[in-house]
Each structure stands twice: as structure tokens, then as C-alpha cells.
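*Asks:* This is the structure, below, for whatever I ask next.
The values are calculated or read from the model by the stated rules, or taken from the named source; none is laboratory data. All values reported here derive from a predicted model rather than from experimental measurement. Neighbour counts run over all protein chains shown; Cβ positions are idealised from the backbone, glycine included.
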Amino acid sequence: MADNTNEAFFKEIGSNYDLLSALYPDKALKLSEIYTSLSIDKSVVSRAWKPLKRAGLINVEPVKAKKGKDANRISLTGIGYRMLSDYREFLERRSETPEVISNEIIDSYVKYLKSPDDEVRSKSFEQIEIISQKRIVQPDCSFITFLSENLAENYYAKHRHRILVILYNIINISREIYLTQYSKIFEEIINKMIDDPRYEGYDEHSKYILLQMYSEIANREEGYLKIHGEYIKSILKDGPYRLNMKDIIKDRYRDKTDALIIELMNLYEKNNGSIRENVSRAIDSFR
């Protein structure tokens with residue numbers, strides 16, 4: 001997930017990657033130990049540690065010297081460890097950028113997905129799933145449009161889980177390049193699912209999977225608004241995946257939970273009977 005906060009951290013980490021890597025995963029070193037081990041000028045380390053501390057990436061612990069000047073010992077904070085781990089994964093993915101499959105090739109599968117023979121459709125989905133695990137799919141291809149337009153069709157009901165897996169794979173492998181375009185595509189698909197009566201009741205799981213994927217790629221505020229709206233609806237009608245959506249919020253939008261609980265208290269106050277019971281359980285689930 002690439003939001004503005006992560007981009008700011010990545011910029012700071014990229015500028016001081018060698019220094020931070022010397023602390024990874026759990027070392028605590030004096031400044032003198034760092035510039036000695038990295039064979040760099042001590043002024044470089046001295047200039048770097050204060051911005052890193054302000055960013056919350058390192059801890060700085062004063063150390064009393066038996067002789068001479070006192071020193072500072074630095075180590076990674078919890079967020080510093082997580083951000084550096086994410087950055088290392090990002091570098092690894094970038095160094096192994098998958099090949100882009102041409103639109104002409106991927107679009108040729110649309111013909112087989114439209115086949116009246118379900119075995120042909122199944123074989124086509126099977127092959128596309130393999131492609132989606134290894135190749136970058138461009139968002140302007142007819143294949144993506146076809147999937148997004150036909151996800152709700154009963155014609156493809158038995159393949160719906162595989163379609164979602166394919167979309168997830170495509171997003172996962174292509175999002176570094178096509179994040180903005182795929183965010184828009186997913187929002188359109190989710191809106192379609194929310195408004196389409198064919199999804200009501202029998203396919204809440206598909207909606208939950210899409211919301212989970214959307215939370216990973218969408219702008220943070222847009223992602224939260226969409227998931228928040230569906231979570232509230234799920235609580236009011238005692239939907240089967242309300243706890244899963246709550247977990248998305250706790251995992252990705254933890255800073256929103258206090259305000260959300262106040263909102264739930266307002267719902268609790270205004271309702272009675274089964275709705276009040278549903279809201280009460282939702283409040284309790286945040287403990």
C-alpha cells in the first residue's frame with residue numbers, strides 16, 4: 001500500500017539506507033561503531049541521526065562514557081523496523097520487476113471467457129490465474145474491462161472466487177506501476193457490487209474480499225470512507241463479515257477507531273431491539 005506517509009518514510013530511509021541497515025534487525029550501536037563499520041565520514045552519521053529520530057525511525061539512548069565525551073547509542077524503533085522491512089521488500093520487488101504481458105495476448109482470452117462451454121471458461125480462468133501470478137497486466141486492456149463488467153453476472157457465479165483471486169494477483173504484482181488506475185477500477189467494481197441487487201445477501205464474501213483489496217491500494221481517506229460505510233451497513237443488518245471488516249479497520253485505520261466507537265455509541269443510543277444488540281456487539285469487539 002503506497003500512501004503519503006509511507007512515501008515520506010521511504011524517502012527518509014532511501015537517503016540513509018546503509019546507516020539504518022547497519023541497525024537491522026535489532027542492533028543497538030554507538031555512532032562511532034556505525035561510521036567505523038560503514039567506513040564513512042562521521043559527519044555523515046552525525047547529520048543523519050537527528051532527522052531519523054524526528055521521523056520516529058530510530059531510538060537514541062545517551063551512554064555515559066568512563067573517559068572522554070558521552071556518546072549516543074541508536075537502534076531502530078518498532079516503526080523503523082517495519083518501514084525498513086517494507087523498503088527492503090520494495091527494493092527486492094523492483095529488482096525483480098516481472099515482464100509485462102501484451103494487451104493483445106491477454107485480451108485474446110476474452111473470447112474463451114465468453115464461451116458457452118463452461119469447461120472452456122474454466123480452463124481459460126485457470127490459465128489467466130497463472131499469468132496473473134507472474135506477469136504485469138496493463139489496466140487499459142479489454143480483459144480488465146470484461147472482468148469488471150461481468151463479475152456480477154450469474155453466468156460467472158461459480159468462477160467468482162477465481163476472478164477475485166486473479167484481480168488480487170494483478171493488483172499485487174502491478175500496483176507499483178499502475179496504482180492510480182487500478183484504484184479507480186476497484187472503486188468502480190465495488191460501487192457496482194454495492195448497488196447491484198444480485199449481490200444482496202448471497203455474496204457478502206465477495207464484497208468483503210474486494211473491500212480488503214481496495215484498502216490496500218486506495219488513497220487512505222477514500223479507502224476508509226468506503227470500508228466504513230459498508231461496515232456500518234453490515235452491523236445494522238448483522239452481516240456475516242462485519243468482524244472481518246472491523247479487522248481491516250483496526251489493522252489499516254487504527255487512528256480512526258476512537259471516532260468510530262463514538263459513532264457506534266450514537267447508533268446505540270438511537271436504536272432499540274436487535275439493532276441495538278448488533279451495535280453493542282460491534283462496540284465490544286473493539287476491546
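*Asks:* Out of 39, 43, 32, 15, report the one residue that is under 15 Å from residue 73 (Cα atoms) and either assigned by TED's automatic domain parsing to the domain that holds residue 91 or charged (D, E, K, R) (or both).
*Replies:* Answer to the check: 32.
*Asks:* If you go through segment 28-60, how many residues are of a type outside the set (A, V, I, L, M) and either loosely packed, with under 14 Cβ neighbours inside 10 Å or touching a Phe, Trp or Tyr at 6+ places or on another chain (Cβ under 8 Å) (or both)?
*Replies:* 12
*Asks:* Looking at (1) at pLDDT 85 or above; (2) more than 30 Å from residue 21 (Cα to Cα), can you tell me which one residue 76 breaks?
*Replies:* With respect to (1) at pLDDT 85 or above; (2) more than 30 Å from residue 21 (Cα to Cα), residue 76 is out only on (2).
*Asks:* Restricting attention to segment 238-262, which residues are under 24 Å from residue 210 (Cβ atoms), touching a helix residue (DSSP H, G or I) at 6+ places or on another chain (Cβ under 8 Å) and surrounded by fewer than 17 Cβ atoms within 10 Å (Cβ to Cβ)?
*Replies:* Within segment 238-262, 238, 240, 250, 257 meet the criteria.
*Asks:* Here's a follow-up. Looking at segment 112-119, is at least one residue in contact (Cβ under 8 Å) with a residue 24 or more places away in the chain and in contact with a His (Cβ under 6 Å, 6 or more places away or on another chain)?
*Replies:* No; the residues of segment 112-119 include none that is in contact (Cβ under 8 Å) with a residue 24 or more places away in the chain and in contact with a His (Cβ under 6 Å, 6 or more places away or on another chain).
*Asks:* In this structure, is residue 74 of a type in the set (A, V, I, L, M, F, W, C), more than 30 Å from residue 149 (Cα to Cα) and either crowded, with 17+ Cβ neighbours inside 10 Å or not assigned by TED's automatic domain parsing to the domain that holds residue 142 (or both)?
*Replies:* yes
*Asks:* Moving on to the next point. Residue by residue through segment 116-137, note down the ones that are surrounded by fewer than 18 Cβ atoms within 10 Å (Cβ to Cβ), among the polar types (S, T, N, Q) and at pLDDT below 90.
*Replies:* Listed by number, the residues that qualify are 122, 133.
*Asks:* For segment 270-287, name all the residues that are of a type in the set (Asp, Glu) and surrounded by fewer than 10 Cβ atoms within 10 Å (Cβ to Cβ).
*Replies:* Scanning segment 270-287 gives a single hit, 284.
*Asks:* So residue 206 passes all but one of these: (1) closer than 25 Å to residue 140 by Cβ; (2) touching a Leu at 6+ places or on another chain (Cβ under 7 Å); (3) modelled with pLDDT of 75 or more. Which condition number does it fail?
*Replies:* That leaves (3) as the condition not met.
*Asks:* Filter the helices (runs of 4 or more DSSP H) completely within segment 220-275 down to those with at least 1 residues that are under 20 Å from residue 287 (Cβ atoms) and touching a residue at least 40 places away in the same chain (Cβ under 8 Å).
*Replies:* 220-236, 242-252
*Asks:* For residues that are within 26 Å of the chain's Cα centre (by Cα) and acidic (Asp, Glu), scanning just segment 1-56, find the one that is modelled with the lowest pLDDT.
*Replies:* Ranking the qualifying residues of segment 1-56, first place goes to 3.
*Asks:* Another question, then. Kindly provide the set of residues from segment 163-178 that are surrounded by 18 or more Cβ atoms within 10 Å (Cβ to Cβ) and not basic (Lys, Arg), ordered by number.
*Replies:* Within segment 163-178, 163, 164, 166, 167, 169, 170, 171, 173, 174, 178 meet the criteria.
*Asks:* Test each condition in (1) more than 30 Å from residue 133 (Cβ to Cβ); (2) not in a loop (DSSP other than H, G, I, E, B) for residue 85 and report the one that comes out false.
*Replies:* For residue 85, the failing item is (1).
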